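This report refers to the structure that appears directly beneath it.
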Amino acid sequence: TGIHLVFNVYPPDSRVASYYAVSVDDIALVDRVASSEFFAKPLLGYEPPKKSLRESGSSMLVVRSSNVRPDAKRAPDRQEARVSIRVLPLRLRLDQDTLEFALAFSQDASKIAKAAAAAAAADRERRAAARARDRKGNVYNHGGGGREN
């Protein structure tokens, strides 16, 4: 049980440059919204098809990628990725309370991300202006606010 990772790197003259595979045995997202109809039950998880059993040892999520060199002799640095993703059937259970919580959470996260992006942009502009002043010959004090006499 758990997460499994395989990563292989091959010699520069081989057609396959690298290979990785990540598999996750089980995924379950549990509903913890206290007012939810599904409280403490899986919000998202494996849902077997009717009249079907899950194959023993099968993972819920498998991602495989091979990085290949289309022309290993003439262009050894050129690589293409071939990706394969397999997911077992999932069931999503939402009630109104959980949906409202998820929407409010995503809106708050979006506001925080926008504020962080705006602060980063303002900081970049401030640094660019300081560099421009430097180039014009106006030297500014790097020492943390001390006065020069």
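Rule-based calculations on the coordinates, nothing more; no lab input. Fair warning: this is a prediction, and the values are worked out from it, not measured in the lab. Note that we place each Cβ from the backbone using ideal geometry, even for glycine, and neighbour counts take in every protein chain shown.
Rounded to whole numbers, the Karplus 3J(HN,Hα) couplings from phi for region 82-93 are 10, 10, 10, 10, 10, 10, 6, x, 10, 10, 10, 10 Hz, using 6.51 cos²θ - 1.76 cosθ + 1.60 with θ = phi - 60°, and x at Gly and Pro. Database remark: amide H of M60 closer than 5 angstrom to the amide H of V24, D25, D26 (H placed geometrically; neighbours at sequence offset of 5 or more, or on other chains; Pro and chain starts carry no H).
Peptides 62-71, 9-18 ordered by packing proxy, namely the average of other Cβ atoms within 10 Å per residue, highest first: 62-71, 9-18. Each other residue within a Cβ distance under 12 Å of P42 adds +1 if Lys or Arg and -1 if Asp or Glu, for a net charge of +1.
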